[in-house]
Amino acid sequence: MSGPLTPPHAHTLTWSDALSLQMPVMDRTHVEFVDLLAAVDRSDDTALVARWAALVAHTVEHFGQEDAWMAATGFAPENCHATQHEVVLQVLREGLKAGEAGQLAVIRQMASELALWFPNHAQTMDASLALHMKSMGYDPETGRLAHPEQLPAQAISGCGGACSSDASTEADTAPQADISPAVA
């Protein structure tokens, strides 16, 4: 039975090889994200807001890094991957505000939804980005681009990478979990 200090475990996420993109810097960041989300999931009420804040702070850096990689490898600023990052960050920040106002159930619901959303995001949009960076010879650790001649002539506005264009891609149309809290 779940009491006021016992977190419900509706949807949890653990790291597995299925989430690995075979890009160590990206995988390390994703492992940290999964670990922070698990800490939120396991948290009692007294530590919940602080753990959520740590997840939000990580995610700002995490998404910012991916957005920088996209910019360096030919993505348009308004591409759908970066746009999804903006939307998710806004929702996470709203969850933090709700938690700070004592609405802990909002954070718990968001954490559950985030555990559903993240694998799809990683296996579609992030996997496409990793493949794109590899095809460009882009080193995410140093920012060095080995094959600048392979940069796209037009900025990529889709969700993927080298295989993406203005036309809709599989990642563009893949169903995405809604991580916003249900409003009663």
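For this structure, a couple of remarks:
- Number of the condition not met by residue 107 [criteria: (1) closer than 23 Å to residue 28 by Cα; (2) surrounded by 15 or more Cβ atoms within 10 Å (Cβ to Cβ); (3) in contact (Cβ under 8 Å) with a residue 24 or more places away in the chain]: (1)
- Residue within the stretch 66-88 that is within 22 Å of residue 31 (Cβ to Cβ), touching a Pro at 6+ places or on another chain (Cβ under 6 Å) and surrounded by 15 or more Cβ atoms within 10 Å (Cβ to Cβ) present: yes
- Qualifying residue in the stretch 31-49 (condition: assigned to a loop (DSSP other than H, G, I, E, B), farther than 30 Å from residue 152 by Cα and either at pLDDT 95 or above or touching a helix residue (DSSP H, G or I) at 6+ places or on another chain (Cβ under 9 Å) (or both)): yes
- Listing of helices (runs of 4 or more DSSP H) fully contained in the stretch 66-183 that carry 2 or more residues being at pLDDT 95 or above and within 27 Å of residue 40 (Cβ to Cβ): 80-100, 104-121, 127-136
- The set of residues from the stretch 15-42 being exposed (fewer than 13 other Cβ atoms within 10 Å of the Cβ), free of Cβ contacts under 8 Å to residues at least 40 places away in the same chain and either under 14 Å from the mean Cα position of the chain (by Cα) or more than 25 Å from residue 108 (Cβ to Cβ) (or both) comprises 17, 24, 28.
- Test: residue in the stretch 89-102 that is within 16 Å of residue 29 (Cα to Cα) and buried (at least 21 other Cβ atoms within 10 Å of the Cβ): no
- Checking each residue in the stretch 69-96 for being hydroxyl-bearing (Ser, Thr, Tyr) and in contact (Cβ under 8 Å) with a residue 24 or more places away in the chain picks out only 73.
The values are calculated or read from the model by the stated rules, or taken from the named source; none is laboratory data. These figures come from a predicted structure and were not determined experimentally. Glycine also receives a Cβ, built like all others from the backbone with ideal geometry; neighbour counts cover every protein chain displayed.
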